[in-house]
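The values are calculated or read from the model by the stated rules, or taken from the named source; none is laboratory data. Being a predicted model, the structure only gives us computed values, none of them experimental. Positions of Cβ are generated from backbone atoms using ideal geometry, with glycine treated the same way; all protein chains shown enter the neighbour counts.
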Amino acid sequence: MELQVVNGDALALSEDVFAKDFNETLVHQAVVSYMAGGRSGSKAQKSRSDVRGGGIKPWRQKGTGRARAGTIRSPLWRSGGVTFAATNRDHSKKMNKKMYRGAMRSILSELVRSERLVAVDGFGVDEPKTKVLLAKLDELAGTNNVLLLTDDVDVNLELSARNLHKCEVSNVSAVNPVSLVAHDKVIATKAAIEKIQEWLS
């Protein structure tokens, strides 16, 4: 199969990567796994064992007329610990490499089928200007809701796009299922597509 490059020759695509059936369950799992991995899980409180102090019994067990107390850091006391304290959590969900690559193939195949993948020889700007990038996007995609996929880091391109709300720049090593699914169009350079084919073949 082939994909027509804008103002260029057709690019040969591997059917093992760009002609797979859409597996909604697998794609959903990949998206959830990626988003869960981005959660910090940093909420934490101190239980009675974590609060500083309280190592000595405040008064003797019997004979004082007061209620029994073993520590001043009891959850019942002011400045004591929290009864069911929240702890740091790892929200990440494990996904096998084979499944993840299968999900990426499924997403890329659907992008080709729905004509949302646009191939270009190269996509760069000479200076970090949002106005210049907007003109290019209007010409190629007709929308600003775009993922720009390059084979390597392009600083000028990233600086030009960071002011656009729905425009994202990524290179092949950082591409993820959420970005591919979220945007109306994916504009990828020939070199980036070749790298993806090499990675997923």
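For the reader, a short list of remarks on this structure follows.
- One residue stands out among those in segment 13-35 that are under 16 Å from VAL181 (Cα atoms) and loosely packed, with under 15 Cβ neighbours inside 10 Å: the one that is farthest from the chain's Cα centre (by Cα), which is ASP21.
- From the list SER173, SER160, SER179, the lone residue that is among the polar types (S, T, N, Q), surrounded by 18 or more Cβ atoms within 10 Å (Cβ to Cβ) and in a helix (DSSP H, G or I) is SER160.
- Boolean, ALA10 is at pLDDT below 95, at negative phi and more than 29 Å from the chain's Cα centre (by Cα): yes
- Remark: pairs (first residue in segment 178-193, at positive phi; second residue surrounded by fewer than 23 Cβ atoms within 10 Å (Cβ to Cβ); Cβ separation under 6 Å; 6+ apart in sequence or on different chains) are absent.
- A single member of PRO128, PRO177 is touching a helix residue (DSSP H, G or I) at 6+ places or on another chain (Cβ under 9 Å) and within 21 Å of MET35 (Cα to Cα), and it is PRO177.
- Residues in segment 71-125 that are touching a helix residue (DSSP H, G or I) at 6+ places or on another chain (Cβ under 9 Å) and aromatic (Phe, Trp, Tyr) were compared, and the one that is surrounded by the fewest Cβ atoms within 10 Å (Cβ to Cβ) is TYR100.
- Filtered residues of segment 182-201 (kept if in contact with a Ser or Thr (Cβ under 6 Å, 6 or more places away or on another chain), part of a helix (DSSP H, G or I) and of a type outside the set (Gly, Ala, Ser)): GLN197
- A count restricted to segment 162-177 and to residues that are in contact (Cβ under 8 Å) with a residue 12 or more places away in the chain, over 15 Å from ALA141 (Cα atoms) and within 19 Å of the chain's Cα centre (by Cα) stands at 7.
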